[in-house]
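Before any comments, here is the structure.
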Amino acid sequence: MAVSLSINGDAYTYHGDPLTPLVDVLRNEALLTGTKAVCGEGFCGACMVHLDGKPTVSCLCPVGLVAGLNVTTIESIAAGDVLNPIQQALEDLDAVQCGMCFPGIVMTLTAFLDQNPNADRAALKAALSGNICRCTGYERIIDAALVAMMNTERPE
């Protein structure tokens, strides 16, 4: 079966089992390995992508359900060589350790801050409840998100 979708703005057609998890299609077929396949059960958040702008764990999402949707992965979240505000703040605050969870964290925080540009520390912690980081600890990640919010220009 053929499934047509958009990945990072490019048309893409997958030929195979529509029940294949989206994360496997991204990593093994589209060769976009920034999305991490970790728990395979939807609770760690490392495989987070945006489906039409909405954060979604791609390990629990069969590719057949994303036909016609726009999939955004970590590979397209920056603007060329310019990191997005979350990525830049995480780097500036040295909050990245092993890097396994960070693509998912960046995808979660990017979507959350787009919808909640004035979020407070508690809201950021709640937003990250679906992302597990075993290396850094969440306080530095939250600090980076707050810095990203301060450094992001918003339309008046």
For the pair Cys98 and Glu41, how long in nm is the line joining their label points, each one 7 Å along Cα→Cβ? 1.7
Can you tell me how much longer the chain between Leu31 and Thr152 gets when fully stretched, taken as 0.36 nm per residue apart minus their C-alpha distance, in nm with one decimal? 40.5 nm
Inter-probe distance in nm under a simple model that places probes 7 Å from Cα toward Cβ, at Asn70 and His15: 2.8
Using only Cα atoms, find the angle between the long axis of helix 102-115 and the longest principal axis of the chain, and express it within 0 to 90 degrees, rounded to the nearest 10. 70
Relative to the longest principal axis of the C-alpha atoms of the chain, give the angle of the C-alpha long axis of helix 138-151, reported between 0 and 90° and rounded to the nearest 10°. 80
For region 15-68 and region 93-156, compute the distance between their C-alpha centroids and round to whole Å. 21
Hey, any idea what % of the chain's accessible area is carbon plus sulfur with a 1.4 Å probe? 53
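The values are calculated or read from the model by the stated rules, or taken from the named source; none is laboratory data. Note that this is a predicted model, so its numbers are computed, not measured. No Cβ is skipped: glycine too gets one built from the backbone with ideal geometry, and neighbour counts run over all protein chains shown. We work out accessible area using only protein heavy atoms, side chains counted, and drop any ligands, DNA or RNA first. Shrake-Rupley method; radii C 1.70, N 1.55, O 1.52, S 1.80 Å.
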